[in-house]
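The values are calculated or read from the model by the stated rules, or taken from the named source; none is laboratory data. No experiment lies behind these values; they were computed from the predicted model shown. Here the Cβ positions follow ideal geometry from the backbone for every residue, glycine too, while neighbour counts run over all protein chains shown. Note: accessible area is taken over every heavy atom of the protein model, side chains too, but ligands, DNA and RNA are not part of it. Shrake-Rupley method; radii C 1.70, N 1.55, O 1.52, S 1.80 Å.
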Amino acid sequence: AAVDLLGAKRAPIVLVTSTESDIEAGALPMGTTVLRTVAREQSAMFTVSHTAAMFLTARVADAVRSGCTGDLGAVADAVEAALGLEPEVAALADAWHAKRALVALGAGPHEASAHEAAIKIAEAARRPVRGHAVEQFLHGPQVQVQDSDAFLVFAGAGAGLDRTREAVAFVRTLGCEVAWVSPVDAPAGAYHLAVPDVGEALAPIVEMVPAQLLAG
């Protein structure tokens, strides 16, 4: 329905979909560009296709304005490096198995990672989980935190870093465990899941990998 509406408005459309999608180009509005990612997945989390779709979206942005997303060529190696965190994430999953709830936090571009991590963990692990922007968390939901909660925090060297550190410092005073997914050094007491630095615009593609591993 969204595609039909855009077609009626003669808006340019780029459709990102699976290689096995039954969408036929001839049935789409004239001028629609179809970008296909990967075969349909078995996992309900759509981990590989989600990563591929984010990367294709970044390529579209780069095509509109060259260089606006950063170094796209660095993403593949960064994702591979993030996949190397699987043993650490598996140990974290074992340690957090009995936690009351998981909370994902992120500021700026990393907010998207917090919300997506919550979706992935809910889909795969069937665990109580919430995702918040850092500012949203600090202005209300923080009153619900208990020491049996665990936090998955996404951050980078951008404008939201200081407030993200403040949020971590707060939950640490309550005794909560924190996993810090970032190329930036972790705050005191947080467990550092170090991912390569690809810049903040591309960071969600890379930092979601540990979250997907944790969900699985």
Q: Can you tell me which residue among V206, V184 is closer than 23 Å to A81 by Cα and either hydroxyl-bearing (S, T, Y) or open to solvent by less than 10 Å² (accessible area, probe 1.4 Å) (or both)?
A: V206
Q. Do the conditions hold for A107, that is, is it modelled with pLDDT of 95 or more and either among the small types (G, A, S) or closer than 15 Å to C176 by Cβ (or both)?
A. yes
Q. Is it the case that A114 is surrounded by 20 or more Cβ atoms within 10 Å (Cβ to Cβ) and touching a residue at least 24 places away in the same chain (Cβ under 8 Å)?
A. yes
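When you scan segment 121-216 for helices (runs of 4 or more DSSP H) that lie fully inside it, which ones turn up with 1 or more residues that are more than 24 Å from S49 (Cα to Cα)?
Once the helices (runs of 4 or more DSSP H) in segment 121-216 are filtered for at least 1 residues that are more than 24 Å from S49 (Cα to Cα), what remains is 134-138, 161-173.
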Q) F154 passes all but one of (1) surrounded by fewer than 18 Cβ atoms within 10 Å (Cβ to Cβ); (2) within 16 Å of the chain's Cα centre (by Cα); which number fails? A) (1)
**Q.** segment 20-32 residues that are open to solvent by 80 Å² or more (accessible area, probe 1.4 Å), paired with ones that are at pLDDT 80 or above and charged (D, E, K, R) (beta carbon under 7 Å, 6 or more apart)
**A.** E20/R40
**Q.** Filter result (buried (at least 17 other Cβ atoms within 10 Å of the Cβ) and β-branched (V, I, T)) within segment 36-59
**A.** T37, T47, T51
(Q) So, in segment 60-105, exactly how many residues are among the basic types (K, R) and surrounded by 16 or more Cβ atoms within 10 Å (Cβ to Cβ)? (A) 1
